[in-house]
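What follows draws every value from the coordinates through simple rules; no lab data is involved. All values reported here derive from a predicted model rather than from experimental measurement. In this analysis, Cβ positions are derived from the backbone assuming ideal geometry, glycine residues included, and neighbour counts consider all displayed protein chains.
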Amino acid sequence: MAHYNQKPHILAVETSGRFGSVAIASSEHLIAEIVFQKPLQHSAEIFPSINKLLEGCKKKPKDIQHIYISTGPGSFTGLRIAVTLAKSMHLANQTKIVAVNTLDVIAQNANDSPDDRIAVILDAKRGQFFVAVYTRTDGSSAVNPWQRTSPDSLMTSSEFIQLHCNSAKPIRLLGEGLVYYKNKFETPGIHILDERYWYPRSFHVHRLGWELSQKGRFADPVSLSPHYLRKPDTKV
């Protein structure tokens, strides 16, 4: 396994959902995380939060060698904030970028649960949901115990139930798509995890980003873009 910059200082950014957060780390070791005080206030809180993290570690922006960001699917505005920040840091200081899938980030919330089969659900509007299904496997890395059994998909709650509901092998759900639509998924064979499991966090962006960085899987800053699954709604 190739290693790149053994002990980089890392900024991890999660702005894909309602509650944003940023974290700072040294290689695989998390130093601190700040969760934004208000939902959907990413643009107002991200830079003061980053400055607070840097000041606490006595670091400057130029001291950050890697930035790991959650690139979606998720909030169109929030994802653009993270991508723009990462590109700006690369232009200013040649900061290396790692892009992490938001559904994978949320799945990490279930690491300590006893569940063997989970699905992450995000609201995609128009009656649809972004969905990814995972199973726990002994062969997974210590960082990420979940193996995908489906790609990122767009579907209705009825389609999800038809495809993945199995009363003999229940599936556990988590993710922000349950905030307003939990009742759409309440059926035998589906168990919904407590709300504390639903929201993505920057410290999990760091965990997954670090693993990808050790495999040399850095994003191309020129082609880097949010992962929407479909184009955002536009108004003329």
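Provide the packing ranking of 40-48, 69-77, i.e. peptides ordered by the mean count of other C-beta atoms within 10 Å per residue, highest first.
Numbers: 40-48: 15.9, 69-77: 24.8.
Packing order, densest peptide first, comes out as 69-77, 40-48.
Measure nothing but the geometry: give the 0 to 90° angle between the long axis through the Cα atoms of 76-93 and the longest principal axis through the Cα atoms of the chain, rounded to 10°.
30
Along the positive direction of the dipole of the chain (beta-carbon charges: Lys, Arg +1; Asp, Glu -1; about the Cα centre), which of Met89, Asn101, Leu212 reaches farthest?
Result: Met89.
Which percentage, to the nearest 5, of the DSSP beta bridges contained in the range 107-197 is antiparallel?
So the antiparallel bridges amount to about 70 percent of the total.
Roughly how far apart, in whole Å, are the Cα centres of the range 147-171 and the range 54-108?
30
Could you give me D for the range 35-136, from Stokes-Einstein at 25 °C and 0.890 mPa s, where the hydrodynamic radius is the Kirkwood radius over C-alpha pairs? Units µm² s⁻¹, please.
Using the Kirkwood radius from Cα pairs, D works out to 156 µm²/s.
Which of Ala92, Ala110, Ala25 ends up with the largest GNM mean-square fluctuation for the chain, with Cα atoms connected below 10 Å?
Ala92
In Å and whole numbers, how far do the C-alpha atoms of the chain stretch along each principal axis, longest first?
On the principal axes, the chain reaches 52, 50, 31 Å in Cα extent.
Expressed as a fraction of 2.2 N^0.38 Å, the rule-of-thumb size for a compact globular protein of N residues, what is the C-alpha radius of gyration of the range 107-197?
Numbers: Rg = 12.4 Å, N = 91, 2.2 N^0.38 = 12.2 Å.
Expressed relative to 2.2 N^0.38 Å, the Cα Rg reads 1.02.
To test your reading of the geometry: what angle, between 0 and 90 degrees and rounded to tens, separates the Cα axis of helix 202-214 from the longest principal axis of the chain?
70
Report the one residue of Pro114, Leu193, Leu154 whose Cα lies farthest in the direction of the positive end of the charge dipole of the range 107-197 (charges on C-beta: Lys and Arg +1, Asp and Glu -1; origin at the Cα centre).
Positive-most Cα among the choices belongs to Leu154.
Relative to the Cα centre, what is the charge dipole magnitude of the range 158-231, using +1 at the beta carbon of each Lys and Arg, -1 at the beta carbon of each Asp and Glu, and rounding to the nearest 20 debye?
On the way: 11 positive and 7 negative charges, 24 e Å.
Value, rounded to 20: 120 debye.
With the convex hull built on the Cα atoms of the range 16-66, state its orientation-averaged projected area in nm².
On the way: hull surface 14.9 nm².
The number I arrive at for the range 16-66 is 3.7 nm².
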